[in-house]
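These notes are about the structure you will find just below.
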């Protein structure tokens with residue numbers, strides 16, 4: 001597939017875990033979802049960078065299966081609030097589903113707040129999941145695993161998010177995270193306390209925390225997809241007070257400076273590693 005086509009298709013996925021892609025031993029396989037609540041399905045064999053891979057804040061919930069024959073496992077992962085070790089195992093095959101930004105599966109026996117910055121056993125968090133777990137880890141092909149999990153999720157719902165929180169999510173995303181609470185208050189007509197309480201109930205975090213995640217994801221996207229990036233301009237575009245503030249925030253969220261991350265992306269030819277199936 002032409003690189004320009006890959007760029008266009010990856011651009012449609014607004015939640016990125018770049019270290020997963022860079023840690024793939026070969027390709028990072030991906031199938032987009034035709035269901036609005038689900039972003040995509042993915043699979044890769046792990047070859048962690050220097051023995052370490054990080055999960056970065058993305059505002060999403062993932063279900064991740066370790067399909068190792070000797071000891072398969074599965075976990076539900078809420079978004080992190082800063083970079084955190086993902087502890088991928090060398091040569092293990094991972095398969096996962098990423099729910100769309102801000103969507104919380106209703107079949108999980110945990111609150112939205114209980115998901116943020118936490119990992120839970122899939123078998124414990126999802127009642128009656130042993131059958132689908134066995135089917136997923138016993139499948140030999142990526143497409144077969146997608147079919148099994150897609151069938152399992154077909155009649156499952158996501159939790160109803162209030163109209164207020166949906167409006168706030170949309171505003172934050174449109175502003176690439178560069179928005180203040182007083183602007184959200186003026187936009188929605190609700191007071192700060194109501195905004196924060198409802199948003200926390202729906203997404204398990206504050207609007208400010210969600211804005212920081214989206215701003216970080218916007219920076220990752222620009223570095224991934226632009227041939228030339230001036231970090232001072234990027235910091236300004238995303239509303240950081242100065243470049244040093246941007247550098248500190250990026251390092252906290254990505255566990256690398258923007259320059260270090262850019263060098264990794266180029267070295268590993270990030271976009272060419274993603275294979276659409």
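Laboratory data are not the source of any read-out in this text; all were calculated from the coordinates shown. Everything quoted here is computed from the prediction, not taken from an experiment. Every residue, glycine among them, receives a Cβ derived from its backbone with ideal geometry; neighbour counts consider all protein chains shown.
Things to note:
- In percent, rounded to a whole number, the relative contact order of the chain is 21, using alpha-carbon pairs under 8 Å and six or more apart.
- Residues of the stretch 194-210 with amide N under 20 Å of a point placed 7 Å along Cα→Cβ from residue 118: 197-207, 209-210
- For the stretch 163-258, the Stokes-Einstein estimate of translational diffusion at 25 °C and a viscosity of 0.890 mPa s comes to 175 µm²/s, using the Kirkwood hydrodynamic radius over alpha-carbon pairs.
- For the stretch 163-258, relative contact order (Cα pairs under 8 Å, six or more residues apart, normalised by length) works out to 24 percent.
- Top of 157, 47, 224 by mean-square fluctuation, Gaussian network on the chain, Cα under 10 Å: 157
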